[in-house]
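Since the structure comes first, as structure tokens, the remarks are kept for the end.
Coordinate-derived values only; no laboratory data. Computed from a prediction, not measured in an experiment: that's the story for all the values here. We place every Cβ from the backbone using ideal geometry, glycine too, and count neighbours over all the protein chains shown.
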Amino acid sequence: MKIILVGTTAVHHPIVAASLYTRQFEHGQLGRIDGYCDMYLDKSGYPVYVGDDQEGNQIYTLGLGRRIDVGWRAIHGFRDIMGIPENELRFVDVHIPGESYIWLAGKLAAIPLIGYRLNRALSDYIIYRNINLLRDTYSPESNI
Amino acid sequence: MPELMQIPYFDKTDQNDFGIIRFMGQDENGHEIYILGKRNLGWRLNSVLVGLADLTGKKDDLMVVNCLPYVNWMMMLGGFMSRRLGLTFPGRPILYEGVKTSFMNLVSMVTTIKVKLV
């Protein structure tokens, strides 16, 4: 099964949640997560492959932008009209407090020279504040 | 205008309809045609749908067509007045003029897509 963790962007809190879930990240620096805060990756709009979980499911992340409700309805509609069963393709929404600031941080990344640092600083701050929430919700033992 | 108003969903949707994929019918070759209002997700939602189709091995079964380049300012203004502000008059007549202006471009787009699908 393909499990897609969906958030406002693919490369902030969803990629951290996916990395926790696949045991690729447990402690330490968020910067070690492959693709973290990489806005070029997010801009492609394609699902970002993170890894496999212990049951062999492929874990991806996907960013739907600030109006996540619109994208959420569209991806579910897509799955229905394409006749893809839920046990083949599953969407999991990833929410943390302050995620709209993370979306803003992603936009700030476009500022020349300092954009990436602003993106990292703001995202790190919000995600570290919520890391326990992410860890509890998306631990490998959790049934997401 | 009466012909346009007979089209399903034409100037009849609200805020909660964005993101809902709606079936409109089939073309002469049996392809199913759907519509989707993307609000301000724009290009991203196109890429998301193509990416998901690719991921699930259904890329050849999906063609996403961006209609936004064919939307002129009268359609935007008329649609905004009619649907967002609830002013079907004068919103709807403005929208109608916009559709009339853009109509042949839309016809051309549909023709191009049909040629591509052959």
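Cβ-to-Cβ counts within 10 Å put B:Y70, A:Y128, A:Y21, A:Y36 in ascending order as A:Y128, B:Y70, A:Y36, A:Y21, the fewest first. Residues whose amide H lies under 5 Å from that of A:L5, counting only those 5 or more places away or on a different chain, are A:Y60, A:T61, A:L62, A:V92; hydrogens are built 1.01 Å from N in the peptide plane.
What the pair-distance distribution of the range B:16-62 shows, using all Cα-Cα distances binned every 10 Å from zero, is 24, 47, 29, 1 percent. Other protein chain C-beta atoms within 10 Å of residue C-beta, averaged over A:63-72: 6. The equivalent ellipsoid that matches the C-alpha gyration tensor of chain A spans semi-axes of 24, 18, 12 angstrom, in descending order.
Taking the charge dipole of the protein assembly as shown about its Cα centre, with +1 at Lys and Arg Cβ atoms and -1 at Asp and Glu Cβ atoms, the residue from B:T112, B:Q26, A:T137 reaching farthest to the positive side is B:T112.
Counting Cβ atoms of other protein chains within 10 Å of each Cβ in B:33-39 and taking the mean gives 3. Relative to the dominant Cα principal axis of chain B, helix B:88-117 is inclined by about 20°.
Using only the Cα atoms, what convex hull volume per residue in Å³ does the protein assembly as shown have? Before the final figure, lay out each step's value.
Numbers: hull volume 38.3 nm³, N = 262.
Per residue, the Cα convex hull of the protein assembly as shown comes to 146 Å³.
Straight-line cross-link partners of B:K100 among the aspartates and glutamates, defined as a Cα under 15 Å from its Cα and at least 8 positions apart when in the same chain: B:E3, B:D11.
Peptides A:60-66, A:10-16, B:78-84, A:83-89 ranked from most to least packed, by the mean per-residue count of other Cβ atoms within 10 Å: A:10-16, A:60-66, B:78-84, A:83-89. Taken over chain B, the alpha-carbon convex hull comes to 114 cubic angstrom per residue. Residue separation of B:Q6 and B:D60 scaled by 0.36 nm, minus their Cα-Cα distance, works out to 16.2 nm of gained length.
In the range A:1-97, a dipole from Cβ-located charges (positive for Lys and Arg, negative for Asp and Glu) runs towards its positive end, and of A:H95, A:G56, A:V70 it is A:V70 whose Cα lies farthest in that direction. Taking A:K107 as the anchor, which lysines have their alpha carbon closer than 26 Å to its alpha carbon, excluding any fewer than eight residues away along the same chain? Answer for A:K107, where 26 Å is the Cα cut-off: A:K43, B:K38, listed by chain and number. Show which aspartates and glutamates lie in cross-link reach of B:K58 when reach means a straight Cα distance below 19 angstrom and same-chain residues fewer than eight apart are skipped. Straight-distance partners of B:K58: A:D80, A:E86, A:E88, B:E32.
Is there a quick way to get the dipole size of chain A? I mean about its Cα centre, with the Cβ of Lys and Arg at +1 and of Asp and Glu at -1; what is the value in debye to the nearest 20?
Charge dipole of chain A: 580 debye, to the nearest 20.
Put a plus charge on the Cβ of each Lys and Arg, a minus charge on the Cβ of each Asp and Glu, and nothing anywhere else: the dipole of the protein assembly as shown about its Cα centre is then about 900 debye. Scalar couplings 3J(HN,Hα) for the range A:60-66, obtained by applying the Karplus form with A = 6.51, B = -1.76, C = 1.60 to θ = phi - 60°, are 10, 10, 8, x, 10, x, 5 Hz; x denotes Gly and Pro.
Across the range B:60-77, rounded Karplus estimates of 3J(HN,Hα) from the backbone phi angles (6.51 cos²θ - 1.76 cosθ + 1.60, θ = phi - 60°) give 6, 8, 10, 10, 9, 10, 8, 8, 4, x, 9, 8, 9, 5, 5, 5, 5, 5 Hz, Gly and Pro being marked x.
Modelled label positions at A:N57 and A:N87, each set 7 Å beyond Cα in the direction of Cβ, lie 1.3 nm from each other.
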